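Notes follow the structure.
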Amino acid sequence: MRKRSLAMLLLGTASLSSVPASGRSGTSSASTRWLHGPAPDLLFGCGGLYLLIFVALALSGPAAMTWLPEGLLPLLAIFVLAPHYGATLVRVYEQRESRRRYAFFAVGITALLVFGFSISLYHYALGSFLVTIYIDWNSWHYAGQNYGLAIMFLKRRGVLVTPMTKRLFYASFVLSSFLAIVAMNGVGPEALYGPSLPRDGAKSIGMAYRFMPLGISDPIQGILMISGLAAYGACVLTSLVLLMRRGTLADIAPALALVFTQSLWFVVPVAARYWDLFGGFLPLSGRDSRYTFMWIAFGHGIQYLWVTSYYAKKAGSYPGTGRYLLRCLFAGSMIWNLPGLVVVSLAIGSVAYTEGVALLLAAVVNLHHFVLDGAIWKLRDDGIGRVLLRALSQPRAGVASDERARWGLRAGLAVLGCLSLGLSLTDMWEREFGFRRAGKSGDVERMEQAALRLDWIGRGDASQRRRLALLARSRGDDDKALSELERSLAISNHPKAHFEKGHILADRGDWRGAALSYEAAYAIDDYPLKLIHKLANASLEIGRPARAQEVLIEGLRHHPRHPVLVKQLREANRQLSAAAAD
């Protein structure tokens, strides 16, 4: 009994909740102050788990990326992030009453996004626009969730949040998102709070879709960052002082923890990366920002499952923790995998899954998630408020009808869920263990097997085929190398594949074929020095000095006075002069 009393005192639940506080709207019992309980709420709902991860990353440093490499993070994403998307789908589509209530969003907005996705498979500019909206919106989605949960905890504790306090508190979360958006939209974008986008060279090559920053100039960006950070600090401090006047430290502790979590997710990393602070400090390093962001995303996903599972339980539609999470996992896996499977199977559009469809799908799935979340999680909604603010159960509508739903439909959805989950697991396993790790150990046969299996599920990777071509060439098997390069080009028209193909043909003495391959690479990217040199050389070999001269003059604009290009240009000019003399 003594231990229990001590624990409750430390967590500020029973003893402090019964003490009247000046300005409080009322008292609340220990049972209504938390959702699942003090420990799970602080750990999963208020960001305590991410704080532990942050400390672990800070203490381990780069070693963390060795024992848990980026290639394994998709496994966590499958079992954490996919269910968090699925939880929204279950919340909206499972019950007839919800489908009717949110029909505009569940049907109308969904149809609009599906239409946008379909058009973007052919019009890349629209796809890039959707990707840009998603990445810019992403930080606010996280901030909005933290703000909503903070307000929920304050109201459950009976803390009176005045309109002024609420505006200042809300502004602090808006400003934290604003800082991230400003940092991402400069001339040289800082860490992107979104998917792992390619880092391109002198000329854009790679994904069909890309993030398009606004290009805020450095002086304007600096002013916005400094003023935004100052305003953020003022809003946080002022709102917390005002909240302390209305409740005890124990009353506002969860909200305070969520403010800290929000700053640790966005404000601190953005400021550190913008001003190049703590460069070697893993959680804040700009070099490893995509790795760190995945952990932030996991914290957000766990937080979402924590609150949605509570709501589902109290709303009367909870089948038990295991079955609920499995439903969410299946639903999330389906929305992430089935559209891509349809696109690949029906050969819709001209973009391969790994070359753009996956990124476009991520944008559309997230935009759908953002819109639905904005519609269904409003604390002022009476049904939501009854469950999240007053710990009351919400009557379940249409139970009898939904319970009598056809088992065939449920079985079909379960099969589709299993198929979708299998696709995700196969993709992750073959990339990490079948290709990357096999490559480190030199197991070429296993790498080829992994590439083939990824082809089978419609997720063939052009870069993997290029690597297999280089390995075949190193073994002297040029026929195998050419075959792999053709497979690579079937997936993506990348200049590196054309260049390597030209190199093999040149070594064989097929200068005409080599010139064609180099020309194909040059049409995509005319900057690389080696490509300019090889194309000019092949053009001279097949008796086209005029083409060689044209390529070399353009090449010297990119690489002024480069001796190799200058020497080749002299030879091209000599051949042209000789041809004119004849």
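For the reader, a short list of remarks on this structure follows.
- Members of the range 306-319 found to be surrounded by fewer than 20 Cβ atoms within 10 Å (Cβ to Cβ) and either among the charged types (D, E, K, R) or assigned to a helix (DSSP H, G or I) (or both), listed by number: LYS313, LYS314
- Extreme residue, surrounded by the most Cβ atoms within 10 Å (Cβ to Cβ), among residues of the range 486-513 that are over 28 Å from GLY349 (Cα atoms) and of a type in the set (Asp, Glu): ASP510
- Single residue of LEU89, LEU43, LEU59 found to be within 20 Å of the chain's Cα centre (by Cα) and in the same structural domain as LEU264 (by TED's automatic domain parsing): LEU89
- Residues of the range 213-248 that are more than 23 Å from ILE135 (Cβ to Cβ), crowded, with 20+ Cβ neighbours inside 10 Å and at pLDDT 95 or above: CYS235, VAL236, SER239, LEU243.
- Within the range 522-545, the set of residues being assigned to a helix (DSSP H, G or I) and not hydrophobic (A, V, I, L, M, F, W, C) comprises TYR522, LYS530, HIS533, LYS534, ASN537, SER539, GLU541, PRO545.
A quick yes/no check of all residues on (1) more than 28 Å from VAL415 (Cα to Cα); (2) under 22 Å from the mean Cα position of the chain (by Cα); (3) modelled with pLDDT under 95:
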{"position": "ILE252", "(1), (2), (3)": "yes, no, no"}
{"position": "LEU258", "(1), (2), (3)": "yes, yes, no"}
{"position": "GLN262", "(1), (2), (3)": "yes, yes, no"}
{"position": "ASP276", "(1), (2), (3)": "yes, no, yes"}
{"position": "ARG290", "(1), (2), (3)": "yes, yes, yes"}
{"position": "TYR311", "(1), (2), (3)": "no, no, yes"}
{"position": "GLY316", "(1), (2), (3)": "no, no, yes"}
{"position": "LEU329", "(1), (2), (3)": "no, yes, no"}
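- In the range 107-121, residue farthest from LEU372 (Cα to Cα) [restricted to those that are of a type in the set (A, V, I, L, M, F, W, C) and over 21 Å from the mean Cα position of the chain (by Cα)]: ILE119
- Test: residue in the range 277-289 that is within 30 Å of ALA64 (Cα to Cα), in the same structural domain as LEU57 (by TED's automatic domain parsing) and buried (at least 23 other Cβ atoms within 10 Å of the Cβ): yes
- LYS534 vs. criteria out of contact with any Phe, Trp or Tyr (no Cβ under 8 Å at 6 or more places or on another chain) and of a type in the set (Lys, Arg): no
- Hits in the range 94-133 (condition: part of a helix (DSSP H, G or I), in contact with a Ser or Thr (Cβ under 8 Å, 6 or more places away or on another chain) and not small (Gly, Ala, Ser)): ARG96, LEU126, LEU130
- Inter-residue pairs, beta-carbon under 7 Å, first free of Cβ contacts under 8 Å to residues at least 12 places away in the same chain and in the range 91-117, second among the aromatic types (Phe, Trp, Tyr) and surrounded by fewer than 18 Cβ atoms within 10 Å (Cβ to Cβ), 6+ apart: ARG99/TYR93
- Selection of the range 536-582 for residues being β-branched (Val, Ile, Thr) and within 23 Å of LEU505 (Cβ to Cβ) yields ILE542, VAL551, VAL564.
- Residues being among the small types (Gly, Ala, Ser), at pLDDT 85 or above and surrounded by 13 or more Cβ atoms within 10 Å (Cβ to Cβ) - total across the range 14-65: 9
- Matching residues in the range 545-565 - criterion: being surrounded by 14 or more Cβ atoms within 10 Å (Cβ to Cβ) and of a type outside the set (D, E, K, R): PRO545, ALA548, GLN549, VAL551, LEU552, GLY555, LEU556, HIS558, HIS559, HIS562, VAL564, LEU565
- Residue in the range 283-305 that is of a type in the set (D, E, K, R), under 23 Å from GLY233 (Cα atoms) and not in a helix (DSSP H, G or I) present: no
- Total residues in the range 278-298, condition among the basic types (Lys, Arg) and touching a residue at least 24 places away in the same chain (Cβ under 8 Å): 1
- Residues located in the range 66-90, provided they are in contact (Cβ under 8 Å) with a residue 24 or more places away in the chain and of a type in the set (Ser, Thr, Tyr): TYR85, THR88
- Every condition in (1) surrounded by fewer than 18 Cβ atoms within 10 Å (Cβ to Cβ); (2) over 21 Å from the mean Cα position of the chain (by Cα); (3) not basic (Lys, Arg) holds for LEU126 except the one numbered (2).
- Selection within the range 495-519 - under 15 Å from ILE542 (Cβ atoms) and of a type in the set (Gly, Ala, Ser): GLY502, ALA506, GLY509, GLY513, ALA514, ALA515, SER517
The values are calculated or read from the model by the stated rules, or taken from the named source; none is laboratory data. Given the structure is predicted, the values throughout are model-derived calculations rather than measurements. Quick reminder, even Gly has a Cβ in these numbers, built from the backbone with ideal geometry, and neighbours come from all protein chains shown.
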